[in-house]
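Single-structure report; data block below.
Values quoted throughout were computed directly from the atomic coordinates according to the rules given, and no laboratory measurement underlies them. All figures in this text were calculated on a predicted structure; none of them were measured in a lab. Cβ coordinates were reconstructed from backbone atoms using ideal geometry, including for glycine residues, and neighbour counts include every protein chain displayed.
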Amino acid sequence: MSNQPTIGVLALQGAYDVHAKRLASLGAKTLLVRKPNDLEGLDGLVIPGGESTTFLWHLERDGFYDVLNDFCQTKPVFGTCAGCILLAKEVHNPTQKSFGVLDIVVERNAYGRQNDSAILFEPTALPGGPLEMVYIRAPRISRIGEGIETLAKRQGDPTLIRQGRLLAATFHPELTEDTRVHQLFLDIVREG
C-alpha cells in the first residue's frame with residue numbers, strides 16, 4: 001500500500017458518496033463497492049448507514065455476503081450506524097445476522113424513530129474538542145468486550161469505538177464538516 005490507501009465504500013444504500021468524497025479530500029483513493037469483485041485490492045472499507053436488514057437483503061444475492069464477511073475478518077473496516085450493526089457480534093431489537101467481527105452488542109433503533117433524530121456535540125478522546133454527532137434512528141451499543149477502545153459516548157453509552165483494525169460509530173460522521181473520524185480510519189488503514 002502506498003501512502004494513498006485505496007478505500008472502498010459499500011454503495012448499496014446510505015450516504016456512500018459523501019463518505020467517498022470525505023475520504024478523497026483526506027488523500028485516499030476511493031472506490032464505490034457494488035459487487036463482490038470490487039473488494040479486490042482494497043486497503044480498507046467503509047460500510048455506511050442505511051437500513052441493516054436492507055443491506056443484508058442486497059448482500060445475500062450473488063454470494064456477496066460471504067465475500068464481504070471474509071473481507072471483514074482480515075481487513076480494516078469502518079462501520080457507521082447500520083454498518084456498526086453489521087459488524088457487531090450480537091444484534092438485538094430484533095435479532096439479526098451480522099459479520100460478528102466487532103466484540104459488541106447493539107440494539108437497533110435504540111434512540112427512537114426518525115423524528116427522534118438528533119445532532120449532539122459530545123466530548124471525545126480524539127484531539128480537537130467536542131465531536132459533532134448526527135443520529136438518525138441510531139443503534140445503541142449496550143455492551144463492549146475486552147480490547148474495545150471507547151472514543152466517544154452518548155448518555156454513558158459508547159458511540160465511537162475501535163477494536164484494532166475495526167472502527168465503528170453509531171452516528172453519521174459523514175454528515176458533518178468534522179473530518180477527525182474519517183482521518184482516524186485512514187490512520188488505522190495506514191498502520192495496518
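Shape class of the stretch 6-191 from the alpha-carbon gyration tensor: rounded, with the ratio a/c of largest to smallest axis under 1.5. The H on the amide N of residue 8, modeled in the peptide plane, is under 5 Å from the matching H of 31, 43, 44, 45, 46, each at least 5 residues off or on a different chain. For residue 81, the residues whose modelled amide H falls within less than 5 Å of its own, excluding neighbours fewer than 5 places apart on the same chain, are 169, 170, 171. A cut-off under 9 angstrom between Cβ atoms defines the neighbours of residue 5, and their net charge, with Lys, Arg +1 and Asp, Glu -1, is +1.
Charge dipole of the chain (Cα centre as origin; +1 on each Lys and Arg Cβ, -1 on each Asp and Glu Cβ, all else neutral): 140 debye, rounded to the nearest 20.
Positive end of the dipole of the stretch 6-191 (Cβ unit charges, origin at the Cα centre): among 151, 58, 20, the Cα lying farthest that way belongs to 58.
Taking packing as the residue-averaged number of other Cβ atoms within 10 angstrom, the listed peptides 173-181, 37-45 run from highest to lowest as 173-181, 37-45.
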